[in-house]
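The values are calculated or read from the model by the stated rules, or taken from the named source; none is laboratory data. A quick note: this is a predicted structure, and the numbers were derived from the prediction, not measured. Using ideal geometry, Cβ is built from the backbone for each residue, glycine included, and neighbour counts are taken over all protein chains shown.
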Amino acid sequence: MTISLNLNGQTHRVTAEPGTPLLWVIRDELKLTGTKFGCGVAACGACTVHLDGEPVRACQTNIEDVEGAEITTIEGLSSRAAAAVQTAWAELDVVQCGYCQSGQIMSATGLLSENARPTVEDIDEYMNGNACRCATYQRIRAAILRASEIMEA
Amino acid sequence: MTVNTSRRGFLQTAAAASAVLVLGVRPDGVLASGTAETTMLTPFIRIGADGRVTAIVKHFETGQGPATGLTTLIAEELGVTMEQIGYDFAPSDPQVYNNLMFGAFQGTGGSTAMANSFMQYRQAGAAARELLIAAAAQEWGADPSVLMIEDGVVSGAGKSAPIGDFVAIAATLDAPADPRLKDAAEFKLIGNAQVRRKDTPPKINGTAKFAMDMQLDNQMVVVIARAPRMGATVTSFDDSDALRITGFIRAATLPNKAGVAVYAEHTWAALQARDALDVQWDISNAESRSSDQIRDQLISAVNADPEYAITATSRDETAAKIDGAAQILEETFYFPLLAHAPMEPLTCTIEPLADGGIILHDGAQTPTGPHMALSQILQLPMEKIQIKTMFAGGSFGRRSTPTADYQVEAGLAFAMTDRSRAVKLVWSREDDIRGGYYRPAVAHKVRVGLDSAGEITGWDHRIAAQSIMKGTPFEGAFVQDGVDFSSVEGAADTPYQIPGRFVGLSDVAKATTVLWWRSVGHSHTAFVMETMLDIAARAAGRDPVAFRLALLEGGGSDQARLAGVLKLAADKGNWGKSDPGRSQGIAVHKSFGSFAAQVAEISRDEDGNVKIEKVTCAIDCGLAVNPDVIRAQMEGGIGYGIGHVMRDEITLTDGEVDQSNFPDYEPLRIGDIASIEVHIVSSAEAPTGVGEPGTPPSAPALANAIAVSGPRITHLPMTSGDVGFI
Ligand code: FES
Ligand code: FES
């Protein structure tokens, strides 16, 4: 089937079988590789993208279900919350291997867009589905708090 | 240093715009300089006429920070800012970019990246500085001793100019044999906690390219239908259902019959076609044991006479000292198989070149291994194979195997084609968890005697393990007199001065392929040493910190440094002064030349479930080159250690791995450890490892905290026993 995707503010015509996960269309068809494959079963968050501003797992989102929706990947992030998150991430040098970090940043941006002043408990709950095998969690938590500060300033 | 005057005039006029100064070490170990065209040199530093400095990093970057660390060394000695220097990963060349601790072998592992590069990269930076100063001195007719380089600018004798202005001349000069290294007092970047990681920017905007991100125009994606049990082989397959999948190209049995390669136009088609494939397996020679049997075998081995005695003290001498003791403490420990599960599943891409050669695009941890393996498989001379090192999404040991396993798979899959299209091999998470390269399962049994004063009289320590090194090309280097030292490291060579100590080892046949896993043998020996000492301290009615310090007193430098981190962790972690309702445990361990101590503090909910409130870590890794990277490595190492002992294990039923993906091999999550605090010992000793040393003490510190108000954990993971976590 051919579908028109609204991704990062641009319209793309893509051809894919129904049931194809959005993740593979983004990565293999549109060649935007910032969105990562970690598990394929919605258990790690590496593939997180925004669908109409809400974080979703692209590995478990079928292509036929996103026609008409606004999709944002790490490459297209531009909100105020995203800028604060990326600034905080750089200040605190959150990353290690970096492979999970697009997903972490997409989720953190989703959290701060909903809740600009999250508590530590809010963060731990919201970010629970984003695994980091390098265990950069202390810095993720601190960077989200820092991003919240940046947004207030 | 001599001046090559014959070329100088030419270079000044003709080459200034395109000049490049390269600094490196010739194969004979001598520092050398020259222009990029000088092929005998393979550089550690490239400096362009625009003053842009590039560090050539010989270690792969999977998060442990060598791209930042090695760059820092050069920037410091050369006199440029961290913003003025970039980095590239080195090509595969074991003669030039070898790990100085591995011989003629290029690779990263054993927490050696900084330790083996520290002098080498500083020397290269210092030589570049001296060359550029010599060039400026020539140009200005000045005395080189009054010139200096700071922030990328040469100054002195009343003049100043950016380093790029002198690159052309410097490239004609001979490198100094023995450049002066800066004193620690002159350091601006080494030891500076404000230095930021060089790899942060691309990793926060999605532009960092990992091996999984290869997207060549003509590539095929290959996944392998793998044997359900180790050692099973393909008898036949039926691809009629796969043929209905759009994008499926073909399937072919690997020449070693270990699996069926499924070729497709893109990843999703490959994964689906693999699911649709019907493969018949011959399991007659396959592993058929279950993990319970493997555990029983290991435990009966520690209850029998050990195959190898490691210590000079015999077990009879030790037995005599224990048997008559006032108290005898005895524990048996079991450690399960563990997967590494790096966040980026294994992958690499082979790209054919017009001249018949190839490029391997890989998050290459030890490029020399796959380089040699592909040369054999593809019947190509080494020089026809280039390796482009990309970012690696975690490894923890997995991206380096003695067999170069996944690169070999890619090579075999590529060899079965007409070699006109690139082949990208992709592992799924299921392949990774079930993939059969695990931290070995291990059992320990320890008997300790205490006299009436609570002093240790004897310590009998038996280990049964699946050897990592035996049966691999590393056997020659790592196995001595039958003993695979990686099975006993951290126990056999403990710095504790324990009297009457016997250590014995038995090898138990491997159920699966086993592999080094972040901190290797220390991942279990530290747990056993630190748990037993805790048990002994409590049995003796002594404070666990004081009890350990007494065993380190009056020793040498190792004992002093171990005591140093122990005291620092106890002090910063408020040892003995936790809030009501909380309990603390402590552990300390030396590994990879570094010394780490940790205090774990826990609380419990009304049902007794454990919450990890805080881990306080003290680390002595010699001179701290990038303090913030060291802190990050401790945080990560602690998380890795604790995450696995909490709830992870790989088990087998009739030879089949029971786990398959993160839902049943649950990673540490953000809420699992409420806080981690790291304190770095200030030291002038040579830098040692940081990638692994944070891991070994973390699990026993937690277990010791749990034991204060709950069960003593001797079998892992913790949740397989009586422990629950919030
Ligand atoms: S790849 Fe989608 S959640 Fe893991
Ligand atoms: S930074 Fe490596 S998995 Fe998160």
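Looking only at residues in the stretch B:165-189 that are more than 18 Å from B:ALA142 (Cβ to Cβ) and assigned to a helix (DSSP H, G or I), which one is nearest to the chain's Cα centre (by Cα)? Step by step, filter the stretch B:165-189, then rank; the result is B:ALA184. Scanning the stretch B:599-629 for residues that are under 23 Å from B:ASP493 (Cα atoms) and within 14 Å of chain A (Cβ to nearest Cβ) gives a single hit, B:CYS617. Note on the stretch A:41-54: residues that are surrounded by 23 or more Cβ atoms within 10 Å (Cβ to Cβ) and more than 16 Å from ligand 2 (Cβ to nearest atom) total 2.
Here is the figure for the stretch A:132-153: residues that are within 16 Å of ligand 2 (Cβ to nearest atom), touching a Pro at 6+ places or on another chain (Cβ under 7 Å) and in contact (Cβ under 8 Å) with a residue 40 or more places away in the chain total 1. Considering only residues in the stretch A:116-132 that are surrounded by 21 or more Cβ atoms within 10 Å (Cβ to Cβ) and part of a helix (DSSP H, G or I), the one that is nearest to the other protein chains (Cβ to nearest Cβ) turns out to be A:MET127.
Inclusion of A:ALA46 among residues that are facing another protein chain (nearest Cβ under 10 Å), closer than 13 Å to B:ASP213 by Cβ and near ligand 1 (Cβ under 7 Å from one of its atoms) is warranted. Are there any pairs, at least 6 apart or on different chains, whose C-beta atoms fall under 9 Å, with the first in the stretch B:384-405 and away from every other protein chain (no Cβ under 14 Å) and at negative phi and the second within 16 Å of ligand 1 (Cβ to nearest atom) and among the hydrophobic types (A, V, I, L, M, F, W, C), and if so, which? Taking only residues 6 or more apart or on different chains, the pairs are B:ASP405/B:LEU346.
Just one of the listed residues (B:ASP305, B:ASP362, B:ASP355) is among the charged types (D, E, K, R) and buried (at least 24 other Cβ atoms within 10 Å of the Cβ), and it is B:ASP362.
Out of B:ILE586, B:ILE535, which single residue is at pLDDT 95 or above and within 27 Å of the chain's Cα centre (by Cα)?
B:ILE586
As a summary of the residue check, A:GLY103 satisfies the conditions (1) within 16 Å of ligand 1 (Cβ to nearest atom); (2) part of a helix (DSSP H, G or I); (3) more than 13 Å from the chain's Cα centre (by Cα) except for the one numbered (3).
For the stretch B:97-120, a tally of residues being surrounded by 20 or more Cβ atoms within 10 Å (Cβ to Cβ) and either in contact (Cβ under 8 Å) with a residue 60 or more places away in the chain or in a loop (DSSP other than H, G, I, E, B) (or both) returns 13.
Among residues of the stretch A:103-131 that are farther than 22 Å from A:ILE71 by Cβ, those with a Cβ under 6 angstrom from a residue that is β-branched (Val, Ile, Thr) and surrounded by 18 or more Cβ atoms within 10 Å (Cβ to Cβ), sequence gap 6+ or separate chain, pair up as A:ILE123/A:ILE144; A:ASP124/B:ILE670. Among the residues making up the stretch A:69-95, those that are assigned to a loop (DSSP other than H, G, I, E, B) and more than 16 Å from ligand 1 (Cβ to nearest atom) are A:ALA69, A:LEU77, A:SER78, A:SER79, A:LEU92, A:ASP93, A:VAL94, A:VAL95.
Kindly indicate whether B:ILE535 is of a type in the set (Val, Ile, Thr), in contact with a Leu (Cβ under 8 Å, 6 or more places away or on another chain) and assigned to a helix (DSSP H, G or I). Spelling it out, B:ILE535 is indeed of a type in the set (Val, Ile, Thr), in contact with a Leu (Cβ under 8 Å, 6 or more places away or on another chain) and assigned to a helix (DSSP H, G or I).
Rundown of residues vs (1) more than 16 Å from ligand 1 (Cβ to nearest atom); (2) surrounded by 15 or more Cβ atoms within 10 Å (Cβ to Cβ); (3) of a type outside the set (S, T, N, Q), yes/no style:
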| site | (1), (2), (3) |
| --- | --- |
| B:ALA276 | yes, yes, yes |
| B:THR318 | yes, yes, no |
| B:PRO336 | yes, yes, yes |
| B:THR347 | no, yes, no |
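Count of the stretch A:133-145 residues, restricted to those that are at negative phi and not in a helix (DSSP H, G or I), is 3.
Consider the stretch A:71-115 and keep the residues that are among the hydrophobic types (A, V, I, L, M, F, W, C) and farther than 27 Å from B:VAL195 by Cβ. The one that is nearest to ligand 2 (Cβ to nearest atom) is A:MET106.
Any chance the stretch B:127-147 includes a residue that's more than 30 Å from B:ARG419 (Cα to Cα), within 14 Å of another protein chain (Cβ to nearest Cβ) and not in a helix (DSSP H, G or I)? The answer is no; no qualifying residue exists. Looking across A:GLY110, A:GLY98, one residue alone is part of a helix (DSSP H, G or I) and crowded, with 17+ Cβ neighbours inside 10 Å. It is A:GLY110.
Once the stretch A:1-43 is narrowed to residues that are among the polar types (S, T, N, Q) and in a loop (DSSP other than H, G, I, E, B), the residue that is farthest from the other protein chains (Cβ to nearest Cβ) is A:ASN8. Restrict the check to the stretch B:222-236 and report whether at least one residue is free of Cβ contacts under 8 Å to residues at least 24 places away in the same chain, away from chain A (no Cβ under 14 Å) and either aromatic (Phe, Trp, Tyr) or surrounded by fewer than 18 Cβ atoms within 10 Å (Cβ to Cβ) (or both). For the stretch B:222-236, residues free of Cβ contacts under 8 Å to residues at least 24 places away in the same chain, away from chain A (no Cβ under 14 Å) and either aromatic (Phe, Trp, Tyr) or surrounded by fewer than 18 Cβ atoms within 10 Å (Cβ to Cβ) (or both): absent.
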